[in-house]
Amino acid sequence: MPGVELSAGRPSVAAPVVSTPGVRVVRAADWDAAVTEAGGLDTYTRAAYYRASALLEVPGTVPVLLRFRHRDAVLVLPLLLRPLPDGSGWDAVSAYGYGGPLARDGAAVAAFGPALDEWARVNGVVCTFLRLHPPLGNTALVPPTAEVVTAGCTVAWDLTPGRDLFAGMHAHHRRAARKADRAGLEVTVTPRPFSLSAFRDLYVTTMERQHADPFFYFPAAYWKALVAEQQTLHPVLVEGRVDGELIAALLCFVEGPRLHYHLGASADAARSIGASNRCFLAAAEWGREQGVEVFHLGGGLGGSMTSSLFTFKHRFDPASEPLPFSVAKLVHDRDRYRELAGTDETAGYFPPWRRSA
């Protein structure tokens, strides 16, 4: 990216992202090992996922992993750095999905806040927005200087052995799954698929029907990246067909004890026969066969526990308590934030200049 003429003291996005005495920028080749050391290896924290997710952000977005050591404690923080609209630095965000700080305990948290602010100042990072990771329970690892907002809850379907997954579903979902079986729905589960083209076509149709935000019309490069990184990201494609026609599908990721629901798609015909319900059940059954302990379904629209989407997900395992989901907002440079946002306020959409991006 070409350089930008800037006032003194403002790093350009053309400048390399550098380490500071307190915070080290981890080499891309060492990313997953550093996350593993911190006890946070997951699909949504891997280098490959951050590389793919950078394709969903503004051009020039850069994935970085920060490593902070305090005495014997290690904390890491994966981020996407997005160029500011005028090119004079960055704002930082978690990748699409879930992220935040990762550590085996909270011993480094208090010291991490000042060190992160210093690193951000040196690199021209104005603010950071983190979507925290409910299954990893990392809210307590956020620096005390952050504004932490409880956004809602997510659903974690308990897949531990001995549970009757079908009987444990809400009666509505059991009826829907039976209806799908009677309609002749055939469900296949394909780990590490070699193509996502059919899923992508159905997904786009679904987004059009739902009048989705333009963000969710993911570029072709994103789908290609997920396939190219399949040996690392472990995608799982669940497809439901009637008479050979694809009418419902799920894209999931599996990592150790967790299966993550990532995206779903369905045709009009799927909704009348419970095809998506049956696909979720098939994914859960497959996951348990692989030794997965929890199927993380995510939350409702905007994290809301009152949305129909949350209700749909929670009905797969109404006996289990939802997991709290929070976001965190950090402002590292108050003057620059005020200049860009036109206010000191951080309430609502954060940072505000990304609302129309």
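The values are calculated or read from the model by the stated rules, or taken from the named source; none is laboratory data. It should be emphasised that the depicted structure is a prediction, and the values quoted were computed from it without experimental measurement. In this analysis, Cβ positions are derived from the backbone assuming ideal geometry, glycine residues included, and neighbour counts consider all displayed protein chains.
At a glance:
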quantity	calculated
Count of region 194-247 residues which are surrounded by fewer than 17 Cβ atoms within 10 Å (Cβ to Cβ) and part of a loop (DSSP other than H, G, I, E, B)	10
Which numbered condition ALA110 misses (of (1) of a type in the set (A, V, I, L, M, F, W, C); (2) surrounded by fewer than 22 Cβ atoms within 10 Å (Cβ to Cβ); (3) outside the structural domain of LEU84 (by TED's automatic domain parsing))	(3)
Residue that is nearest to THR232 (Cα to Cα) [pool: residues in region 38-74 that are small (Gly, Ala, Ser), surrounded by 17 or more Cβ atoms within 10 Å (Cβ to Cβ) and out of contact with any helix residue (DSSP H, G or I) (no Cβ under 7 Å at 6 or more places or on another chain)]	SER53
Qualifying positions in region 233-278 - among the aliphatic types (A, V, I, L, M) and touching a His at 6+ places or on another chain (Cβ under 6 Å)	LEU251, VAL254
Residue within region 299-308 that is surrounded by fewer than 23 Cβ atoms within 10 Å (Cβ to Cβ), free of Cβ contacts under 8 Å to residues at least 12 places away in the same chain and in contact with a helix residue (DSSP H, G or I) (Cβ under 8 Å, 6 or more places away or on another chain) present	yes
Any helices (runs of 4 or more DSSP H) falling wholly within region 254-318 and containing at least 3 residues that are under 26 Å from GLY244 (Cα atoms) and touching a strand residue (DSSP E or B) at 6+ places or on another chain (Cβ under 7 Å)	275-289
Leading residue by the ranking (nearest to PRO235 (Cα to Cα)) among those in region 256-281 that are of a type in the set (A, V, I, L, M, F, W, C) and surrounded by 20 or more Cβ atoms within 10 Å (Cβ to Cβ)	LEU259
Subset of region 122-154 that is surrounded by fewer than 22 Cβ atoms within 10 Å (Cβ to Cβ) and more than 28 Å from VAL294 (Cβ to Cβ) - its residue that is farthest from the chain's Cα centre (by Cα)	VAL122
Selection count, region 1-37, where residues are touching a helix residue (DSSP H, G or I) at 6+ places or on another chain (Cβ under 7 Å) and either outside any strand (DSSP E or B) or modelled with pLDDT under 95 (or both)	10
Unique match (being closer than 17 Å to ALA284 by Cβ and modelled with pLDDT of 95 or more) among LEU141, LEU185	LEU185
